[in-house]
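Colleague: First the structure, then my questions, so here it is.
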Amino acid sequence: MSWDVISETITQVLGVLLLSPLYAGILDRLKAVVEGRRGPSVLQPYYDLVKLSRKETLLPRNAGNIFLNGPYLVFSIYLLISFVIPVVYPRPVIFTPTVDFLGGALLFSLAGFIKVYEAMESSSNLVTLGVSRALSFSYLGEATLLTVFIAVALITGTNNPYVTMQYVQSLGHYLFLPHVSATVAFYMLWLFETGRLPLESSGMSEMGMIDDSLVYEYSGKGLMLLKWGSYIKSYLLGSVFLNVFLLPWGLLTGPLGAILDLGVMFLKWMVLILVTLVVETSLAKFRLFKVQDFLAVALVLSLISLILTVIGNG
Amino acid sequence: MVSDMYLQIDKFYLEIVTLLTMITALALSLWSARASHVVAAISSSLFILYGLYSGEFRVFYVVSGLVWLFSSTFSALHDRERWYSLTFSGTLLGIMITLLSQNYLEFLTGWELMTLFAYASIGVYRREWRPGYTFLAFGEVSTVLLIAGFILAYQETGTFLFHTLTDTLPLWFTTFGFTVKMGIFPFLVVEWLPIAHGNAKPSLSSVLSASMTLAGVYGIYKMMSLCPQTQALGGVLILIGAFSVLFGALYSYVSDHMKGMLAFSTIENNGAILTALGSLELSADPVLKAFAQFSLMVYVVAHSLAKTGLFLVAGYVHGESMSTLSTQRSFSLEIGTTLLTASMSGLLPTVGGVAVWSLLETLFMESISVGGILGLIPLLAGVMVGMGEGFATGAMARFTSFTSLVRPRGGERGRLVLLIGVLMPVLALLSYLLSPEMAGAASLGMFSNSLIPSGYSGGSFGGISPLYVLIILPILSLITYLASGRRRVRTVDPWDNGSGRRLTYTSFGMANNIRLMLRFVLRTRKGAVETSADVFWRAILQLVRGYVRFSRAFSRAYMNSSISWYMIYMILAFIVVILVVFL
């Protein structure tokens, strides 16, 4: 293990850890501006995290070990994923081979699994309502995540995201139809996985609540870790989308390159944020059950990508 | 050479002793249930030892032995009925004879013994014979197909011994015979297995679900090793298996019967195992075949042991409906069930995670390796397996929530469940031993042999390191815990909009979104409560009713005590028999 690899690893992991809340802050601020509001500061997510870290933890009467300790594990899972996929630096870093693309998808599922279990331990009606909703869509979400990851794997014949990233840098491969449909499918999935689908709320927040219900009973440090974890998750999935699907170019190598990559990623993220801003503010509100149709379209798109690739290989 | 001979002799004596011990357990059941279960546990331990000495089928023996050991131990602690211990040890003896058989006749003897004792056990427990009859009926359909396949094999080799065959027809017949026993899709019998397994005692349910269906897998694997490779069967098995994964998991998700939902989950797991068997048969690439074999073996281990643990959880619960059951949770049950369901949901770093990962990688590599239209079969199967895993996660979350997480705390119990739960990550580590290859990446901090790589002749595909996930996650969690500082905790009531009510949301309600969203598939009927029907079971019933109507009409028209018609039948039958003999 060389010092270069160590420094590149530190840059990538710290970059993910420290900058992920910033993008959420920027998106919220720009969204407020588009809606004619002044909006919160772009640093608001950081203020929230600091505030929560100082608050006491409220433990629902029936909850116990999983509720109290689950957030540490969820946060660690997202942190581990930040070692394994190209989210800042374009070459493998320390521990990258721990899981491949598919293994990474299973780690995301593990985090989701623990979030459901810790939420259920609170034995709250509102939480159970939200868990019920989250689970209702997981069959489509999980299948789409797998097929999207595999869609790019099949194009290159390997399940290694770093190889795929280099492969699609060529314009011919980038504009290959299976890659294009997988890109659209992944973007739709990213909107769902990061809770950015506009749902009909009908005035009561619980009516359209899915993701937020899982942290409904949390407070203090537990809530801080779960919120921070969700920022990291959003960053990880968004960055994979940018680096392997939408904008695979521009990242530099070497220890200095790794630091400059933080700036490159910032520019890429601005593109993603602007696209998302347009989508979020122009898309009509969904009814809850329409989420299924939305995900089904994403799954079909990724499936089309797979079928085209396999038939093309034959 | 000499040591090999001694090993063979040792194995022979061990086999005899193991069988005799199980027969003793059967005899002891007439005197004392507990003594019978204890001796059955000893016999199971000997069988594990025997399995460790064995070669190609080692995994099947060791896993079966472990399932019996856990189930017998649970029965020794909780079951006192002598009739039950008789049928329980009889079922184990039947499966043991099946696994140890050296020829088709021994195999069938064990198979029938297993079926009859299990049938009696289900009937005795429920004092209701319909589930038992259902089980027996499908068991005999399975036996008929097996006999047909074995006769064809005998015709070719002229012996009942397991000899290599050149024809694939015996494999086709026996495979469908075994899949009936596994509750799999080709006969559209998605419901018979839950009816039977859901109506047995927890320890027997675990044996039926984990070990009896494993005997079916063993049977297919054994016949595959005797017959030439057939890609057509491979493709069919992959599609049937993946379809069973999807629908088994879906019905498990919407089922509100506690053991029924676990039995549906068994169909899902068996579907995945069948998919792995199909991959093995489809691929001509030796590197990919070795990886598919790894996937199959890991799935066998993961499903059998996790399902055993989950059925034993049912033994600590009063009631059958997930919505109305009553129980108390303990640390052992909560953590044990969580680990078991994590494995059943196919999550790393448990053995179930390694199984799902390896199966999906196999399917996707196969779609590249085979390519073209044929390559679409493993591809579509992979997507169906992915969707099935989503439902499976939901079903397992519901199971854990309502058998443990939301229940009030009680006394400490369920240590056996915790033990099996802890095995899930441990077995993920042991899965390295089954892997055809191991690798490392020293420059990236991964020491040698820490990775399980996946690959095919076209090159390497991917890889995972369950060991590193198991090491890194606790370390990162500890660092996070220490970095976030001491927490102040205050206990409060959960917020329910000030209603002051406790949890009123039921397990049934939790699955209702899916009942409504997939109402066309599930045939959901709207009423006072939402209910859904098994479309496959309905199809079978309609088929049966149609046949009954046809046979009544036929008998009234042509079998109305007319001597001349009977003469015509006899002549026709005679001609058919002559034709069959000559052909």
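Colleague: B:Ile420: touching a residue at least 12 places away in the same chain (Cβ under 8 Å), within 11 Å of chain A (Cβ to nearest Cβ), in a helix (DSSP H, G or I) and not acidic (Asp, Glu), yes or no?
Modeller: No: the conditions fail for B:Ile420.
Colleague: While we're here: Tell me whether segment B:477-485 contains one or more residues that are more than 7 Å from chain A (Cβ to nearest Cβ), surrounded by 12 or more Cβ atoms within 10 Å (Cβ to Cβ) and either hydrophobic (A, V, I, L, M, F, W, C) or within 30 Å of B:Val254 (Cα to Cα) (or both).
Modeller: At the first step, the residues of segment B:477-485 found to be more than 7 Å from chain A (Cβ to nearest Cβ) are B:478-479, B:482-483, B:485.
Filter again for surrounded by 12 or more Cβ atoms within 10 Å (Cβ to Cβ), leaving B:478-479.
Cutting the leftovers down to either hydrophobic (A, V, I, L, M, F, W, C) or within 30 Å of B:Val254 (Cα to Cα) (or both) gives us B:478-479.
For segment B:477-485, residues more than 7 Å from chain A (Cβ to nearest Cβ), surrounded by 12 or more Cβ atoms within 10 Å (Cβ to Cβ) and either hydrophobic (A, V, I, L, M, F, W, C) or within 30 Å of B:Val254 (Cα to Cα) (or both): present.
Colleague: Given the criterion without any contact (Cβ under 8 Å) to a residue 40 or more places away in the chain, surrounded by fewer than 24 Cβ atoms within 10 Å (Cβ to Cβ) and of a type in the set (Ser, Thr, Tyr), identify the matching residue among B:Thr73, B:Thr109.
Modeller: Values: B:Thr73 fails: without any contact (Cβ under 8 Å) to a residue 40 or more places away in the chain.
Selected residue: B:Thr109, the only one of B:Thr73, B:Thr109 that is without any contact (Cβ under 8 Å) to a residue 40 or more places away in the chain, surrounded by fewer than 24 Cβ atoms within 10 Å (Cβ to Cβ) and of a type in the set (Ser, Thr, Tyr).
Colleague: Every residue in segment B:310-320 that is over 20 Å from B:Met510 (Cα atoms) and assigned to a loop (DSSP other than H, G, I, E, B), please.
Modeller: Residues satisfying the conditions are B:Gly315, B:Tyr316.
Colleague: Give segment B:335-362 a look and list any residue that's facing another protein chain (nearest Cβ under 9 Å) and either out of contact with any helix residue (DSSP H, G or I) (no Cβ under 9 Å at 6 or more places or on another chain) or within 13 Å of A:Leu154 (Cα to Cα) (or both), or say none.
Modeller: B:Leu360, B:Glu361
Colleague: Continuing with this model, one more query. Looking at B:Ser244 and the list (1) crowded, with 24+ Cβ neighbours inside 10 Å; (2) away from chain A (no Cβ under 14 Å); (3) under 27 Å from B:Thr324 (Cα atoms), which single condition is not satisfied?
Modeller: Checking B:Ser244 against (1) crowded, with 24+ Cβ neighbours inside 10 Å; (2) away from chain A (no Cβ under 14 Å); (3) under 27 Å from B:Thr324 (Cα atoms), the one that fails is (3).
Colleague: Kindly check whether there is at least one residue in segment B:295-307 that is out of contact with any His (no Cβ under 6 Å at 6 or more places or on another chain), facing chain A (nearest Cβ under 8 Å) and crowded, with 24+ Cβ neighbours inside 10 Å.
Modeller: no
Colleague: Can you tell me which residue is nearest to B:Val301 (Cα to Cα) among those in segment B:48-89 that are of a type in the set (Asp, Glu) and more than 22 Å from the chain's Cα centre (by Cα)?
Modeller: Our first condition is that a residue be of a type in the set (Asp, Glu); within segment B:48-89, this holds for B:56, B:79, B:81.
Within this subset, residues satisfying the condition of being more than 22 Å from the chain's Cα centre (by Cα) are B:79, B:81.
Working: B:Asp79: 26, B:Glu81: 30 Å.
Selected residue: B:Asp79.
Colleague: I need the full set of residues from segment B:486-499 which are among the polar types (S, T, N, Q) and either at the interface with chain A (Cβ under 7 Å from one of its Cβ atoms) or surrounded by 15 or more Cβ atoms within 10 Å (Cβ to Cβ) (or both), in order please. First the steps, then the outcome.
Modeller: As a first pass, look at segment B:486-499 and keep what is among the polar types (S, T, N, Q): B:491, B:497, B:499.
The answer is B:Thr491, and nothing else.
Colleague: Kindly indicate whether any position in segment B:413-422 is of a type in the set (D, E, K, R), in contact with a strand residue (DSSP E or B) (Cβ under 6 Å, 6 or more places away or on another chain) and modelled with pLDDT under 90.
Modeller: Within segment B:413-422, not a single residue is of a type in the set (D, E, K, R), in contact with a strand residue (DSSP E or B) (Cβ under 6 Å, 6 or more places away or on another chain) and modelled with pLDDT under 90.
Colleague: Further question: Go through B:Gly372, B:Gly411 for me and flag whichever is away from chain A (no Cβ under 11 Å), more than 20 Å from B:Leu360 (Cβ to Cβ) and not in a helix (DSSP H, G or I).
Modeller: The unique qualifying residue is B:Gly411.
Residues are listed down the side, and each one gets a yes or a no for (1) within 29 Å of A:Leu126 (Cα to Cα); (2) modelled with pLDDT of 90 or more; (3) part of a helix (DSSP H, G or I); (4) touching a Lys or Arg at 6+ places or on another chain (Cβ under 9 Å):
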position: A:Lys227; (1), (2), (3), (4): yes, yes, yes, no
position: A:Leu236; (1), (2), (3), (4): yes, yes, yes, no
position: A:Phe245; (1), (2), (3), (4): no, no, yes, no
position: A:Leu256; (1), (2), (3), (4): no, yes, yes, no
position: A:Leu262; (1), (2), (3), (4): no, yes, yes, no
position: A:Leu301; (1), (2), (3), (4): no, no, yes, no
position: A:Ile307; (1), (2), (3), (4): no, no, yes, no
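Colleague: Of everything in segment A:176-199 that's over 15 Å from the mean Cα position of the chain (by Cα) and outside any helix (DSSP H, G or I), which residue is farthest from A:Ile210 (Cα to Cα)?
Modeller: Here the residue is A:Phe176.
Colleague: Kindly state which helices (runs of 4 or more DSSP H) lie completely within segment B:87-185 and contain at least 2 residues that are modelled with pLDDT of 90 or more and over 30 Å from B:Leu28 (Cβ atoms).
Modeller: Qualifying helices (runs of 4 or more DSSP H): B:130-157, B:169-181.
Colleague: Only one of B:Ala302, B:Ala306, B:Ala276 is touching a residue at least 24 places away in the same chain (Cβ under 8 Å), within 19 Å of B:Val354 (Cβ to Cβ), assigned to a helix (DSSP H, G or I) and over 12 Å from the mean Cα position of the chain (by Cα); which?
Modeller: Of the residues listed, the single one that is touching a residue at least 24 places away in the same chain (Cβ under 8 Å), within 19 Å of B:Val354 (Cβ to Cβ), assigned to a helix (DSSP H, G or I) and over 12 Å from the mean Cα position of the chain (by Cα) is B:Ala276.
Colleague: Please report, ordered by residue number, the helices (runs of 4 or more DSSP H) entirely within segment A:1-90 with at least 2 residues that are crowded, with 23+ Cβ neighbours inside 10 Å and in contact (Cβ under 8 Å) with a residue 12 or more places away in the chain. Show your work before the answer.
Modeller: On the way: elements: A:3-34, A:44-54, A:65-84.
Ranges flagged: A:3-34, A:65-84.
Colleague: Kindly list the number of the only condition in (1) touching a residue at least 12 places away in the same chain (Cβ under 8 Å); (2) within 11 Å of chain B (Cβ to nearest Cβ) that fails for A:Ala182.
Modeller: Among (1) touching a residue at least 12 places away in the same chain (Cβ under 8 Å); (2) within 11 Å of chain B (Cβ to nearest Cβ), the lone unmet condition for A:Ala182 is (2).
Yes or no, residue by residue, for (1) in contact with a Leu (Cβ under 9 Å, 6 or more places away or on another chain); (2) over 23 Å from B:Lys201 (Cβ atoms); (3) touching a residue at least 40 places away in the same chain (Cβ under 8 Å):
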{"position": "B:Gln328", "(1), (2), (3)": "no, no, yes"}
{"position": "B:Met344", "(1), (2), (3)": "yes, no, yes"}
{"position": "B:Val356", "(1), (2), (3)": "yes, yes, yes"}
{"position": "B:Met384", "(1), (2), (3)": "yes, yes, yes"}
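Colleague: So, one more: Considering A:Ala151, A:Ala119, A:Ala134, which residue is in a helix (DSSP H, G or I), of a type in the set (Gly, Ala, Ser), surrounded by fewer than 24 Cβ atoms within 10 Å (Cβ to Cβ) and more than 7 Å from every other protein chain (Cβ to nearest Cβ)?
Modeller: Working: A:Ala151 fails: surrounded by fewer than 24 Cβ atoms within 10 Å (Cβ to Cβ); A:Ala119 fails: surrounded by fewer than 24 Cβ atoms within 10 Å (Cβ to Cβ).
Every option except A:Ala134 fails the conditions.
Colleague: Give the residue that is surrounded by the most Cβ atoms within 10 Å (Cβ to Cβ), with candidates limited to residues of segment B:447-476 that are out of contact with any helix residue (DSSP H, G or I) (no Cβ under 7 Å at 6 or more places or on another chain) and hydrophobic (A, V, I, L, M, F, W, C).
Modeller: Restricting to residues being out of contact with any helix residue (DSSP H, G or I) (no Cβ under 7 Å at 6 or more places or on another chain) and hydrophobic (A, V, I, L, M, F, W, C), the top hit is B:Ile471.
Colleague: I've got another one for you. Please identify the pairs in which a residue from segment B:511-525 that is more than 10 Å from chain A (Cβ to nearest Cβ) has its Cβ atom under 6 Å from the Cβ atom of a residue that is part of a loop (DSSP other than H, G, I, E, B) and of a type in the set (A, V, I, L, M), counting only partners at least 6 apart or on another chain.
Modeller: Hits for this filter: B:Arg523/B:Ala533.
Colleague: Only one residue in B:Ser332, B:Ser323 is among the polar types (S, T, N, Q), surrounded by fewer than 24 Cβ atoms within 10 Å (Cβ to Cβ) and not in a loop (DSSP other than H, G, I, E, B). Which one?
Modeller: Result: B:Ser332 is the single residue among B:Ser332, B:Ser323 that is among the polar types (S, T, N, Q), surrounded by fewer than 24 Cβ atoms within 10 Å (Cβ to Cβ) and not in a loop (DSSP other than H, G, I, E, B).
Colleague: Exactly one condition in (1) within 11 Å of chain B (Cβ to nearest Cβ); (2) outside any loop (DSSP other than H, G, I, E, B); (3) among the polar types (S, T, N, Q) is false for A:Ser213; which is it?
Modeller: Looking at each condition in turn, A:Ser213 falls short on (1).
Colleague: With respect to B:Ser443, is the statement that it is at the interface with another protein chain (Cβ under 8 Å from one of its Cβ atoms), surrounded by fewer than 20 Cβ atoms within 10 Å (Cβ to Cβ) and assigned to a helix (DSSP H, G or I) true?
Modeller: Yes, satisfied.
Colleague: OK, next. The conditions are (1) in contact (Cβ under 8 Å) with a residue 12 or more places away in the chain; (2) more than 8 Å from chain A (Cβ to nearest Cβ), and B:Val469 fails exactly one of them. Which is it?
Modeller: (2)
Colleague: Let me ask something else about it. Looking only at segment B:472-512, how many residues end up being more than 27 Å from A:Lys221 (Cα to Cα) and outside any loop (DSSP other than H, G, I, E, B)?
Modeller: 5
Colleague: Next up: Given the structure, is B:Thr403 over 22 Å from B:Val301 (Cα atoms) and either within 12 Å of chain A (Cβ to nearest Cβ) or among the aromatic types (Phe, Trp, Tyr) (or both)?
Modeller: Numbers: over 22 Å from B:Val301 (Cα atoms): yes; either within 12 Å of chain A (Cβ to nearest Cβ) or among the aromatic types (Phe, Trp, Tyr) (or both): yes.
Here the answer is yes, as B:Thr403 does meet what is asked.
The values are calculated or read from the model by the stated rules, or taken from the named source; none is laboratory data. Please read all numbers here as calculations on a predicted model, not as lab measurements. Note that we place each Cβ from the backbone using ideal geometry, even for glycine, and neighbour counts take in every protein chain shown.
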